[in-house]
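The structure appears right after this line, and notes come after that.
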Amino acid sequence: MTMTYDDTVMIAVEALTKSFTLHLQGATHIPVLGRMDFALSAGECAVLDGPSGAGKSTLMRCIYANYLPQQGRVLIRHDGALADITHAEPRTILDIRRRSLGYVSQFLRVIPRIPTLQLVMEPLLTLGVAEEEARTRAATLLARLRIPERMWHLPPGTFSGGEQQRVNIARVLVVDYPVLLLDEPTASLDADNRQTVVELVTEACARGAAIVGIFHDALVRDAVATRVISVTPHDRAAA
Amino acid sequence: MNKLLQVHDLTKTYGARTGCANVSFDLYPGEVLGIVGESGSGKTTLLRCLSAQLEPSAGTVAYDMRVKGLTDIWSLSEPERRMLTRTDWGIVHQNARDGLRMEVSAGANVGERLMAVGARHYGNIRTEAEDWLTKVEIDTGRIDDLPASFSGGMQQRLQIARNLVTQPRLVFMDEPTSGLDVSVQARLLDLIRTLVSRLGIACVIVTHDLGVVRLLAHRLMVMRRGQVVEQGLTDQVLDDPQHAYTQLLVSSILPV
Ligand SMILES: Nc1ncnc2c1ncn2[C@@H]1O[C@H](COP(=O)(O)OP(=O)(O)OP(=O)(O)O)[C@@H](O)[C@H]1O
Ligand SMILES: Nc1ncnc2c1ncn2[C@@H]1O[C@H](COP(=O)(O)OP(=O)(O)OP(=O)(O)O)[C@@H](O)[C@H]1O
Ligand SMILES: [Mg+2]
Ligand SMILES: [Mg+2]
């Protein structure tokens, strides 16, 4: 079955099925996603909705090709065409991530010992942006997210949870990725910073990014969502 | 983009014992491949077969030669193969003593590789050697000292300089950071990561440390009893391991 999509489609999820087999626990089988389908166009912000453990983060990680689905596939707009990230070679996945697909994970996981400003500049530098411009853009965003300048030369390893999360957001949103995945980016933020993230997400949508987000905060969700995709716990009996 | 290395059905046996069996993969320019697995799983055997240090029992290793294109390295003459390993390739041994010439100075260790690619001007060679010592954070005042007077971490950095000075396209590393203090390891890793990504060098790195591969490798290959049990994108293999052995490996370490 081959679906056709128009040029505005940025993400297509087709018959995506994901389960885990825990070999160390007597091969326990955990079905999570069963044949999920949806497509998302430029400028849309889809919020994933479902109870804890339903598989929202799992879906997002499948889209990022961090998890491997058993069936189905995910297509991401890359270099003008829809690329099958699920079955791509590692170097192609990395290229899609570098240029087309940004992912704010729930927790910051970065190369240790690298100063915050450098971390935020790095995605721009790998895209060939000049050092000076990269520095300016990184600094602007860190300032907007209220990371005090005196912290920029420190590695974020010792930062508070909320500070780390803001660094995490900055190092993704510093690039204008056409597709963005945001896994609870506002979870440990105060009201002001939450508002800043809402503005950043709204701006990304306005420039035509397609966004998949998980937001537990109802205010944030209502402010950014253009549609809601529900993720229901997989029918365990059927699996 | 052309493949840099094409490995097909590579097998090495030691009499009745299997070193590694039926390994196939392609490596592209600038790609970093990590090889992990338990002790005795065949990592070093595989690396030595790939890097022309050990002749495989079966299968092929083809390398994209600058002039001839993809060529089975065992079809080359001995001098051709030696030239390849000294210029276009680098080999960083676990034990720096195996990769350095201990009886000549630090500067000569670096300069020697340049002379292998035809450099003759003493002044230029010395300048370049100094430049590389600086890149690997060795005080140029130590250029005339013997490697034996260096610490383990410095020797390992010198070995890296010796290997990278000829601007190789492919570097093989076997446990480059093991046996060093944790803080020295961290500095060495930072150095390898920066140099490899800045110079766009392809790299095959064997390690038992999943933190090292998370940091350095684009792709990961998991070995057990000579076989590759799982391979793929590094973060996918580590975060969503499919094979029982990989799940065991990932669960036995602290989060990285
Ligand atoms: N790497 C993994 N290995 C095994 N099981 C996993 C893995 N990742 C997720 N799961 C399981 O998949 C199911 C869905 O988890 P997921 O994290 O996607 O839920 P979620 O909807 O994001 O929940 P929450 O709202 O609490 O973040 C859970 O049962 C979880 O234990
Ligand atoms: N020269 C040799 N002669 C005979 N058997 C050998 C030889 N070298 C290695 N082996 C055997 O081949 C198998 C693979 O060894 P290898 O050194 O490749 O493992 P490894 O994965 O590098 O292990 P480690 O993590 O301990 O370095 C082992 O069973 C080993 O005993
Ligand atoms: Mg979640
Ligand atoms: Mg070994």
Residues of region A:20-50 being more than 14 Å from every other protein chain (Cβ to nearest Cβ) and over 19 Å from the mean Cα position of the chain (by Cα), which ones? A:PRO31, A:GLY34, A:ARG35
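At least 2 residues that are modelled with pLDDT of 95 or more and open to solvent by less than 10 Å² (accessible area, probe 1.4 Å) in each: list the strands (runs of 3 or more DSSP E) lying fully within region B:202-241 that qualify. First the steps, then the outcome.
Working: elements: B:202-206, B:219-224, B:227-233.
Answer list for region B:202-241: B:202-206, B:219-224.
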With criteria (1) farther than 24 Å from B:THR127 by Cβ; (2) in contact (Cβ under 8 Å) with a residue 24 or more places away in the chain, B:ASP190 comes up short on (2)
If you check B:ASP190 against the conditions, is it open to solvent by 30 Å² or more (accessible area, probe 1.4 Å), modelled with pLDDT under 90 and within 13 Å of chain A (Cβ to nearest Cβ)? yes
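Against the condition within 16 Å of ligand 2 (Cβ to nearest atom) and either touching a Ser or Thr at 6+ places or on another chain (Cβ under 8 Å) or away from chain A (no Cβ under 12 Å) (or both), how does B:VAL204 come out, does it pass?
Yes; evaluated as a whole, the condition is true for this residue.
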Working only within region A:26-67, note down all residues that are of a type in the set (S, T, N, Q) and away from ligand 1 (no atom under 12 Å from the Cβ). A:SER41
State whether the residues of region A:135-152 include one that is closer than 29 Å to A:ALA81 by Cα, out of contact with any strand residue (DSSP E or B) (no Cβ under 9 Å at 6 or more places or on another chain) and not aliphatic (A, V, I, L, M). yes
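Please work out if A:ARG77 is more than 16 Å from ligand 2 (Cβ to nearest atom), away from every other protein chain (no Cβ under 14 Å), at pLDDT 95 or above and buried (at least 21 other Cβ atoms within 10 Å of the Cβ). Walk me through how you get there before you give the answer.
Details: more than 16 Å from ligand 2 (Cβ to nearest atom): yes; away from every other protein chain (no Cβ under 14 Å): yes; at pLDDT 95 or above: yes; buried (at least 21 other Cβ atoms within 10 Å of the Cβ): yes.
So A:ARG77 fits the description; yes.
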Every residue in region B:89-117 that is surrounded by 15 or more Cβ atoms within 10 Å (Cβ to Cβ) and either in a loop (DSSP other than H, G, I, E, B) or on the phi > 0 side of the Ramachandran plot (or both), please. B:HIS93, B:GLN94, B:ASN95, B:LEU100, B:SER105
Looking at region A:139-153, which of its residues are part of a helix (DSSP H, G or I) and surrounded by fewer than 19 Cβ atoms within 10 Å (Cβ to Cβ)? A:ALA139, A:THR140, A:ALA143, A:ARG144, A:GLU149, A:ARG150, A:MET151
List every residue pair whose Cβ atoms lie under 6 Å apart, where the two residues are 6 or more positions apart in sequence or sit on different chains, the first residue falls within region A:158-169 and is without any contact (Cβ under 8 Å) to a residue 40 or more places away in the chain, and the second residue, located anywhere, is open to solvent by less than 40 Å² (accessible area, probe 1.4 Å) and assigned to a loop (DSSP other than H, G, I, E, B). A:GLY162/A:LEU189; A:ARG166/A:LEU145; A:ARG166/A:ILE147
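Just checking: which of the strands (runs of 3 or more DSSP E) contained wholly in region A:1-55 hold 2 or more residues that are in the same structural domain as A:ILE214 (by TED's automatic domain parsing), open to solvent by 10 Å² or more (accessible area, probe 1.4 Å) and without any contact (Cβ under 8 Å) to a residue 24 or more places away in the chain? Let's see the steps before the verdict.
Numbers: elements: A:9-22, A:28-41, A:45-49.
Here the list reads A:9-22, A:28-41.
Here's the yes/no breakdown for (1) touching a Pro at 6+ places or on another chain (Cβ under 8 Å); (2) open to solvent by 60 Å² or more (accessible area, probe 1.4 Å); (3) part of a helix (DSSP H, G or I):
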residue: B:ALA119; (1), (2), (3): no, no, no
residue: B:GLU130; (1), (2), (3): no, yes, yes
residue: B:ARG162; (1), (2), (3): no, no, yes
residue: B:PRO168; (1), (2), (3): no, no, no
residue: B:VAL184; (1), (2), (3): no, no, yes
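Just give me the residues in region B:9-51 being of a type in the set (Gly, Ala, Ser), over 20 Å from B:VAL212 (Cα atoms), open to solvent by 20 Å² or more (accessible area, probe 1.4 Å) and not in a strand (DSSP E or B), in sequence order. Break it down stepwise before answering.
Keep residues of region B:9-51 that are of a type in the set (Gly, Ala, Ser), which gives B:15-16, B:19, B:21, B:24, B:30, B:34, B:37, B:39-42, B:51.
Restricting the remaining residues to those that are over 20 Å from B:VAL212 (Cα atoms) gives B:15-16, B:19, B:21, B:24, B:51.
Next, from what is left, pick out any that are open to solvent by 20 Å² or more (accessible area, probe 1.4 Å): B:15-16, B:24.
Of everything in region B:9-51, those that are of a type in the set (Gly, Ala, Ser), over 20 Å from B:VAL212 (Cα atoms), open to solvent by 20 Å² or more (accessible area, probe 1.4 Å) and not in a strand (DSSP E or B) turn out to be B:GLY15, B:ALA16.
Name the one entry in B:THR44, B:THR13 that is without any contact (Cβ under 8 Å) to a residue 60 or more places away in the chain, in contact with a strand residue (DSSP E or B) (Cβ under 7 Å, 6 or more places away or on another chain) and of a type in the set (Ser, Thr, Tyr). Walk me through it before giving the result.
Numbers: B:THR44 fails: without any contact (Cβ under 8 Å) to a residue 60 or more places away in the chain.
Selected residue: B:THR13, the only one of B:THR44, B:THR13 that is without any contact (Cβ under 8 Å) to a residue 60 or more places away in the chain, in contact with a strand residue (DSSP E or B) (Cβ under 7 Å, 6 or more places away or on another chain) and of a type in the set (Ser, Thr, Tyr).
Can you tell me which residue is nearest to ligand 2 (Cβ to nearest atom) among those in region A:56-70 that are within 15 Å of A:PHE38 (Cα to Cα) and within 14 Å of another protein chain (Cβ to nearest Cβ)?
A:CYS62
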Which of the residues spanning region B:113-138 are within 12 Å of B:LEU164 (Cα to Cα) and in contact (Cβ under 8 Å) with a residue 12 or more places away in the chain? B:ARG113, B:LEU114, B:GLU128, B:ALA129, B:TRP132, B:LEU133, B:LYS135, B:VAL136
Can you spot a residue in region B:75-88 that is more than 16 Å from ligand 4 (Cβ to nearest atom), of a type in the set (D, E, K, R) and open to solvent by less than 20 Å² (accessible area, probe 1.4 Å)? yes
Is at least one residue of region A:87-108 without any contact (Cβ under 8 Å) to a residue 24 or more places away in the chain, within 10 Å of chain B (Cβ to nearest Cβ), open to solvent by 40 Å² or more (accessible area, probe 1.4 Å) and within 16 Å of ligand 1 (Cβ to nearest atom)? no
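The values are calculated or read from the model by the stated rules, or taken from the named source; none is laboratory data. What you see is a predicted model, and the numbers here were worked out from it, not measured in a lab. In this analysis, Cβ positions are derived from the backbone assuming ideal geometry, glycine residues included, and neighbour counts consider all displayed protein chains. Calculation scope for accessible area: heavy atoms of the full protein, side chains included, ligands and nucleic acids excluded. Shrake-Rupley method; radii C 1.70, N 1.55, O 1.52, S 1.80 Å.
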